[in-house]
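The values are calculated or read from the model by the stated rules, or taken from the named source; none is laboratory data. All values reported here derive from a predicted model rather than from experimental measurement. Here the Cβ positions follow ideal geometry from the backbone for every residue, glycine too, while neighbour counts run over all protein chains shown.
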Amino acid sequence: MTDIANTPSLPAAESRFKFVHRLLKRKTVAFGVIVLTIFVLLAVLAPYIAPYSPSKLSIVNRLKPPGGTYWFGTDEFGRDVFSRTIYAARLSLLVGAAVVALSALIGVTLGLLAGFFRRLDTPIARLIDAMMAFPDILLAIALVAALGPSLTTVIVALSIVYAPRLARIVRASTLVIRELPYVEAAQSLGISTFHIMTRHVLRNLLSPILVQGTFLFASAMLAEAGLSFLGLGVSPEIPTWGTMIASGRQYIGQADWMTYFPGLAIILSVLSLQLVGDGLRDMLDPRLRKDL
Amino acid sequence: MIRYILQRLAGMIVVMFLVVTIVFVIVRVTPGDPAAVMLGPDATPQDITDLRARLGLDKSIWVQYFLYIGQLLKGDLGHSIFLNMPVTAALMERAEPTFFLTIFSLAIACVIALPIGIYAAYRRGSFIDQASTFLAMLAASIPSFWLGLILMQFVAVRHNIFPVSGYGGPGASFLDRMYHLTLPALALGLVSSALILRFTRASMLDVLSDDYIRTARAKGLAERRVILKHALKNALIPILTVLGLTAAVLISGAVVTETVFGLPGIGNLVVSAVLRRDYPVIQGALLVIAGLYVLINFAIDMLYLLVDPRVRY
């Protein structure tokens, strides 16, 4: 049985600095945080950092190898791969963040309702089981097919795909917390169920949600790249790491840099998220650690 | 035990019923008329009306739902307008490459992950342990389609060791087909090995600290025997679970990898179906793959009974 009562919750404001300091003392986490910060800065400051416009065509400079003028080379339309890689970070990070937010909203609500109200538990738990029977990308593909490919659709589809993962964790933890004396005490004091759920239960669930959210962020970025690669994500003209690899694929024999750099960007960002998630899990959620 | 098996079977039926419902709903959430979307902008109103009638879309949603359930109970997954054949036949025709790709990738993932996971747990905290943990995380961060492209470029195009794409000709032998599957299986297997490696290590670490392992060592048993016979046997349950999970991940990964390597499998069929808005094929593939996942999980639960005599429900 899980022991949520003994799980360290998110640190209080005064000890947050110490917590971050302890977290960053881990070399792998520090590496992850630095890389992620760089990616976020590149994404935010893209218009100032990128040497060229991501959509600027230059047919005379098409398929130029990496060098002094074009650090990551150019693509089939002479567009600068470095600039496009930076701009693509914007969309990839945006999709990851939006998917985490939306799937947390859906998953946490479902998990709390299932864990707190016995009548809702079985139907919601079975629904979670059924949703999790679909392989991630396949369900996302089917949803995108139904709703039509667009950025919003990708975010909605991936959120629907990942929400059950969070819902399952939240439900399991809520089932334990519901039985704890302080919840009983709050109920006997006449505090409303909504208040107990949001103030007392949810607050104790923030650690596992944060840890799982980090991993979902990474999964969402990988899935978005896969969908875009298949032509089922955003429009191929919009630079995302997935669409860049898809167009690079056709020129891999002549211009392999078109494929390498966006791929490396995906690997670095996903790896960094996983390293940070691992570090957070070790510190916030020892129940889940189990030396994984 | 029979009661447990029956309970699990009942649970499986409920989940499958929900899976069918979800698959049914997905197509109905299509904005506008699915028949019009499928036929494209050049379709005449008569074409759209005919297709609506053919797909049963002109009936009420509840009638459509019950007809769909009845159709499925007869083993009929619908009819593909674009392929002009039953969806079941289309899936059967494409099942072989996907099946062998999944098995081949799983085998590669196990060959990589099991020995490394066991050794990493045995040498906990060593350089090999730390390196394997990091490499597992790195492998899990690589998109399988990207790795597939890189392998294709280096191994197939530059060094001509493996075929670039395809599944061999129509009369190709089994070995030739496996030869064609090697690169895609390697791309998928390498990426999927991460999860198996981490679970194997964790499960072995759990078991290695148990009393009976200490007793086995105290009896003077050879270390090899302690690890491979006593520890591994008991660490198998979580490993089996993760193998089931990995199989599902592999089916998922196969969708994209098949497209990269031009394999005529279910993944490729689904992607083409999505691009053509061939909803019956998408529905059928989703249903079959989700059904397989539910079955695999059930089979693993049953395997527990065989692998671990302590498990008595």
| Limited to region B:19-56, what total is found for residues that are over 27 Å from B:ILE289 (Cβ atoms) and β-branched (Val, Ile, Thr)? | 3
| request: Give the residue that is surrounded by the most Cβ atoms within 10 Å (Cβ to Cβ), with candidates limited to residues of region B:156-176 that are in a helix (DSSP H, G or I) and within 14 Å of chain A (Cβ to nearest Cβ). | output: B:ALA156
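Yes/no matrix, rows are residues, columns are (1) in contact with a Pro (Cβ under 9 Å, 6 or more places away or on another chain); (2) buried (at least 23 other Cβ atoms within 10 Å of the Cβ); (3) of a type in the set (Asp, Glu):
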residue	(1), (2), (3)
A:PHE39	no, no, no
A:VAL44	no, no, no
A:TRP71	yes, no, no
A:VAL81	yes, yes, no
| request: State which residue is modelled with the lowest pLDDT when the search covers only region B:1-49 and only residues that are under 16 Å from B:TYR279 (Cα atoms) and away from chain A (no Cβ under 14 Å). | output: B:LEU39
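Across region A:188-205, which residue is farthest from the chain's Cα centre (by Cα) among those that are exposed (fewer than 14 other Cβ atoms within 10 Å of the Cβ) and assigned to a helix (DSSP H, G or I)?
Applying the first criterion (exposed (fewer than 14 other Cβ atoms within 10 Å of the Cβ)) to region A:188-205 yields A:188-190, A:192-195, A:198-199, A:203.
Narrowing further to those that are assigned to a helix (DSSP H, G or I): A:188, A:193-195, A:198-199, A:203.
Numbers: A:SER188: 39, A:THR193: 31, A:PHE194: 28, A:HIS195: 29, A:THR198: 23, A:ARG199: 25, A:ARG203: 21 Å.
Here the residue is A:SER188.
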| field | Spans of helices (runs of 4 or more DSSP H) in region A:12-76 with at least 3 residues within 26 Å of the chain's Cα centre (by Cα) and without any contact (Cβ under 8 Å) to a residue 24 or more places away in the chain | value | A:13-25, A:27-44
| note | When B:GLY166 is run through (1) in contact (Cβ under 8 Å) with a residue 24 or more places away in the chain; (2) farther than 20 Å from B:ALA95 by Cα, the failure sits at (2)
| message | Looking only at region A:133-178, count every residue that is modelled with pLDDT under 90 and among the basic types (Lys, Arg) and tell me the total. | response | 1
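Tell me, which residue of region A:224-250 that is away from every other protein chain (no Cβ under 11 Å) and surrounded by fewer than 24 Cβ atoms within 10 Å (Cβ to Cβ) is nearest to A:LEU147 (Cα to Cα)? Steps first, answer last, please.
Of all residues in region A:224-250, those away from every other protein chain (no Cβ under 11 Å) come to A:233-240, A:243, A:247.
Filter once more, so that each one left must be surrounded by fewer than 24 Cβ atoms within 10 Å (Cβ to Cβ): A:234-238, A:247.
Working: A:VAL234: 13, A:SER235: 14, A:PRO236: 18, A:GLU237: 20, A:ILE238: 19, A:SER247: 24 Å.
The selected residue is A:VAL234.
I'd like to check something: does region A:76-85 contain any residue that is of a type in the set (S, T, N, Q) and touching a Lys or Arg at 6+ places or on another chain (Cβ under 7 Å)?
Step one: filter region A:76-85 for residues of a type in the set (S, T, N, Q), giving A:83, A:85.
Filter again for touching a Lys or Arg at 6+ places or on another chain (Cβ under 7 Å), leaving none.
Within region A:76-85, not a single residue is of a type in the set (S, T, N, Q) and touching a Lys or Arg at 6+ places or on another chain (Cβ under 7 Å).
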| task | Please specify each residue of region B:249-282 satisfying the condition of being free of Cβ contacts under 8 Å to residues at least 60 places away in the same chain and at the interface with chain A (Cβ under 10 Å from one of its Cβ atoms). | result | B:VAL249, B:SER252, B:VAL255, B:VAL270, B:VAL271, B:VAL274, B:LEU275
| remark: A:LEU264 passes all but one of the listed conditions (1) surrounded by 23 or more Cβ atoms within 10 Å (Cβ to Cβ); (2) modelled with pLDDT of 90 or more; the exception is number (1)
| remark: For region B:8-21, the count of residues that are over 23 Å from B:GLN283 (Cα atoms) and without any contact (Cβ under 8 Å) to a residue 60 or more places away in the chain equals 1
| query | Among the residues of region B:100-117, is any hydroxyl-bearing (Ser, Thr, Tyr) and within 14 Å of chain A (Cβ to nearest Cβ)? | reply | yes
| note | Those helices (runs of 4 or more DSSP H) completely within region A:95-181 that have 1 or more residues that are over 28 Å from A:HIS195 (Cβ atoms) and over 19 Å from the mean Cα position of the chain (by Cα) are A:118-131, A:136-147
